[in-house]
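Trainee: Structure in structure tokens, see below.
Nothing in this text is a laboratory measurement; each read-out follows from the coordinates by a stated rule. Keep in mind the model is a prediction, meaning the values are calculated, not measured. Cβ: placed from backbone, ideal geometry, glycine included. Neighbour counts: every protein chain shown.
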Amino acid sequence: MRDDLGAELITRRPVRRVVSLVPSLTEAMAVTEPDAVVGATDWCTHPAGLDVTRVRGTKNPNLDLISSLRPDLVVANQEENRELDVQRLRAEGIPVWVTHIETLDEAFSSMRRLFTDGLSWGVPDWLTTAEEAWATPASAPRGRAAVAVWRDPWMVVGSSTFTGDVMQRLGLENVFEKHEDRYPHVELSEIDRDDIDLVLLPDEPYVFTADDGPEAFSNVRTVLCSGRSLTWYGPSLLTAREELESLLN
């Protein structure tokens with residue numbers, strides 16, 4: 001079997017012990033086969049009450065601890081995790097399945113391959129339902145928008161990102177879609193301007209709140225939203241569209 005990047009893997013199937021280095025996929029696997037997930041990062045906050053060994057962060061996982069958990073498979077993502085960590089785990093004989101996801105369609109196809117080819121668990125019902133929830137295009141354009149992911153310095157969602165594709169599916173035009181960077185640094189004046197209709201302020205990775213973020217803008221409407229709904233793939237996609245559309249209406 002081969003992962004999203006074409007790397008060939010050999011592992012026990014079906015997988016009975018998995019370590020996840022991707023919060024979205026931790027939730028996806030833990031909801032589907034709770035007993036199979038034995039390790040996850042400190043950032044893996046869902047499902048609620050997840051009781052597994054924590055292996056530090058997505059960028060600095062404790063490789064020795066991961067090895068001690070004797071996983072049949074480690075699940076990673078090309079964007080969220082470091083290639084060096086993947087190489088080191090593989091050098092220790094630990095199979096690592098790397099996902100590549102930049103659009104909703106890629107998210108659904110990647111997760112289907114992970115569950116069928118990588119884990120041999122079959123396609124979970126929630127995945128089929130989530131795909132149906134996002135199948136239709138936006139009913140009408142909702143204007144030009146930006147998504148801030150950090151402040152001081154300000155950073156926004158740029159080109160070729162999963163979040164950018166979610167915006168498009170919601171009827172929003174990402175004003176930074178053609179930027180050469182995926183998450184460019186910008187000046188506040190570049191997003192607080194009259195030709196932008198909306199700035200979304202999610203609660204991750206930067207935790208924007210009612211007192212931290214909206215007060216910086218004087219020209220553009222801002223909307224606080226769930227980072228999980230806007231940036232995660234997995235079971236969050238079951239409710240993300242309805243939740244985000246209710247904020248935009």
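Trainee: Hey, can you tell me all the residues within segment 132-172 that are acidic (Asp, Glu) and in contact (Cβ under 8 Å) with a residue 24 or more places away in the chain? Reasoning before the result, please.
Mentor: Applying the first criterion (acidic (Asp, Glu)) to segment 132-172 yields 132, 152, 165.
Within segment 132-172, just 165 meets the criteria.
Trainee: Could you list, in sequence order, the residues of segment 108-145 that are touching a strand residue (DSSP E or B) at 6+ places or on another chain (Cβ under 9 Å), over 26 Å from residue 249 (Cα atoms) and among the aliphatic types (A, V, I, L, M)? Explain how you work it out, then say what you get.
Mentor: First, pick out the residues of segment 108-145 that are touching a strand residue (DSSP E or B) at 6+ places or on another chain (Cβ under 9 Å): 110-111, 113-114, 117-119, 138, 141-145.
Right, trim to over 26 Å from residue 249 (Cα atoms) and you get 110-111, 113-114, 117-119.
Correct list: 111, 114, 119.
Trainee: When you look at residue 75, is it touching a Phe, Trp or Tyr at 6+ places or on another chain (Cβ under 6 Å) and within 23 Å of residue 2 (Cα to Cα), yes or no?
Mentor: So residue 75 passes the test.
Trainee: Failed condition for residue 183, given (1) closer than 16 Å to residue 231 by Cα; (2) out of contact with any strand residue (DSSP E or B) (no Cβ under 6 Å at 6 or more places or on another chain), with all others met?
Mentor: So residue 183 meets the others, but not (2).
Trainee: If you go through segment 154-164 one residue at a time, do you hit one that is within 20 Å of the chain's Cα centre (by Cα), part of a strand (DSSP E or B) and not hydrophobic (A, V, I, L, M, F, W, C)?
Mentor: Scanning segment 154-164 turns up no residue that is within 20 Å of the chain's Cα centre (by Cα), part of a strand (DSSP E or B) and not hydrophobic (A, V, I, L, M, F, W, C).
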